[in-house]
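Data block below; observations after.
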Amino acid sequence: MAQSVDFENLVSSHYGTLYQFALSLTRDEAEACDLTQETFCIWAAKGHQLRDVTKVKTWLFTTLHREFLGSRRRQTRFPHVELEHASAELPAVSPATIYQLDSEQLLEAIGQLDETYRAAIMLFYLQDYSYNEIAEILGIPLGTVKSRLTRGLEKLHHLLTNIQTPPPS
Amino acid sequence: MNRDEARQILLLYRPGTNDADDPEVAAALALAKDDPELSRWLAEHNARQTALREKLRQIPVLAGLKEQIVSEQAAKSKAASRRGAMVSLVAVAAIVISLLALAHFYLAGGSSNGQMANTLDNYKSQMTAASQAGYSMNLVSSDSGKIQAYLAGARAPSDYALPAGMQKTAMAGCAVETWQNSKATMICFRSGKPLPHDQYGDLWLFVVDRTAVKDVTDMSSPQFAKVNGLMTAAWTQGDKLYLLSIQGDENDLKNYL
């Protein structure tokens with residue numbers, strides 16, 4: 001069924017967010033480009049095996065993340081452990097401060113997060129994926145997704161409070 | 001559920017999504033309606049979530065990426081479908097290239113030992129012809145580090161300096177060409193314009209040791225010339241001779257210098 005998806009339309013619809021996701025994982029433009037391209041190459045070769053055409057987007061994100069892990073496999077392992085709950089009090093970074101950040105500052109902050117948190121947070125914000133979908137893409141239990149998001153957000157907010165933003169003009 | 005528990009649940013709440021369908025989240029939201037302190041906290045938290053979401057979605061995507069993915073895939077599909085006819089195609093291409101090279105040799109005036117005369121004009125002609133004659137890449141990659149490492153391994157010029165205008169242009173790969181008895185580097189770039197399915201790029205940079213081309217003088221400013229239908233700019237920097245070619249005119253080329 002999925003082979004009826006037009007390749008160019010598929011690329012148009014998803015290459016931007018896939019690239020942003022890849023960039024947050026790799027922190028390197030060229031590597032993010034290659035990872036995005038590789039994901040679509042794999043789709044072209046194996047996408048016809050996907051029976052549910054509504055799952056294309058999730059399939060692409062899952063594949064990209066899997067490829068990223070593959071490329072990092074020799075460097076590190078990701079422990080799938082439950083993390084303790086973070087405090088409900090996030091550091092008080094104001095929405096106005098966030099709006100003043102430029103993309104590089106935000107990427108820099110995201111890049112300082114542990115890889116364990118980075119993927120979950122990007123899926124959470126980039127695509128509004130549900131916890132179940134994030135769990136499916138990352139291949140981890142639902143509880144771990146929530147723990148990673150809570151802890152990752154806490155760390156991200158800490159990092160954002162330390163960024164110097166220019167005074168509003 | 002008390003205020004702290006509700007706050008813990010709402011930490012991961014994103015306004016405008018289906019998160020509120022979760023019964024636990026719905027209960028926490030209901031509690032916030034009746035609790036002014038929780039309600040104030042939630043309003044600020046929602047604004048923060050919205051700001052983060054919008055900012056992350058504004059991360060710029062590299063120009064030309066979509067075209068690169070589509071054209072690369074189209075080229076692969078085309079190559080696969082033509083695999084059966086590949087042998088005869090290669091044979092025909094080899095004959096055509098040989099004839100072109102032979103014709104060029106006679107038109108450009110060959111040297112007495114049968115090799116093309118070692119002049120800048122002939123160098124430009126051979127390199128631009130190479131980029132037009134259905135070349136194959138030795139390495140297909142957009143990673144400048146990988147390309148440089150490959151060229152260094154192949155003992156081709158790899159310590160090149162890209163002009164400012166080229167530094168943000170997406171690379172597509174590289175090949176090693178031969179000029180006289182020296183190796184010349186060819187790096188293929190993509191301008192971001194749509195490409196024919198069988199074409200890797202539309203911008204080519206050639207780098208060779210300047211001593212490999214005999215009549216090269218100091219060219220600190222680029223010299224423009226039309227060669228084999230391509231607009232070219234040639235210049236020297238350090239011990240290297242650079243040749244940049246594009247399918248376009250002089251103004252198009254100047255954008256990359």
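Any read-out appearing in this document is the output of simple, stated calculations on the displayed coordinates, not a laboratory observation. Treat the numbers as computed from the prediction; the structure is a model and nothing was measured. Every residue, glycine among them, receives a Cβ derived from its backbone with ideal geometry; neighbour counts consider all protein chains shown.
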(request) Grab the beta carbon distance between B:A154 and A:D114, set R0 = 35 Å, and tell me the FRET efficiency rounded to 0.05. (result) 0.35
(request) Please work out the FRET efficiency for the pair B:Q237 and A:H158, using the Cβ-Cβ distance as r and a Förster radius of 45 Å; give the result to the nearest 0.05. (result) 0.45
(message) Strictly over 26 Å apart at the Cα level, which of B:K66/B:K226; B:K146/B:K193; B:K76/B:K124; A:K46/A:K146; B:K76/B:K240 would you flag in this model?
(response) B:K66/B:K226; B:K76/B:K124; A:K46/A:K146; B:K76/B:K240
(message) In 5 Å bins starting at zero, report the fraction of Cα pairs in region B:3-57 per bin as a rounded %.
(response) 4, 22, 31, 25, 12, 5, 1
(request) Treat each spin label as a single point 7 Å out from the Cα along the C-beta direction, and report the B:V176 to B:L100 distance in nm. (result) 2.3 nm
(message) Could you compute Rg(Cα) / (2.2 N^0.38 Å) for region A:2-72, with N its residue count?
(response) 1.04
(request) Rounded to the nearest Å, what's the spacing between the alpha carbon centres of region B:157-191 and region B:222-245? Just the number, please. (result) 12 Å
(request) Report the calculated FRET efficiency for B:R57 and A:K46 (r = Cβ-Cβ distance, R0 = 25 Å), to the nearest 0.05. (result) 0.30
(request) Please give, to one decimal in nm, the separation of the simple spin-label points placed at A:D102 and B:A164, each 7 Å out from Cα toward the Cβ. (result) 1.6 nm
(message) Full-extension gain between B:E24 and B:Q199, please, as 0.36 nm times their residue separation minus the C-alpha to C-alpha distance.
(response) 57.5 nm
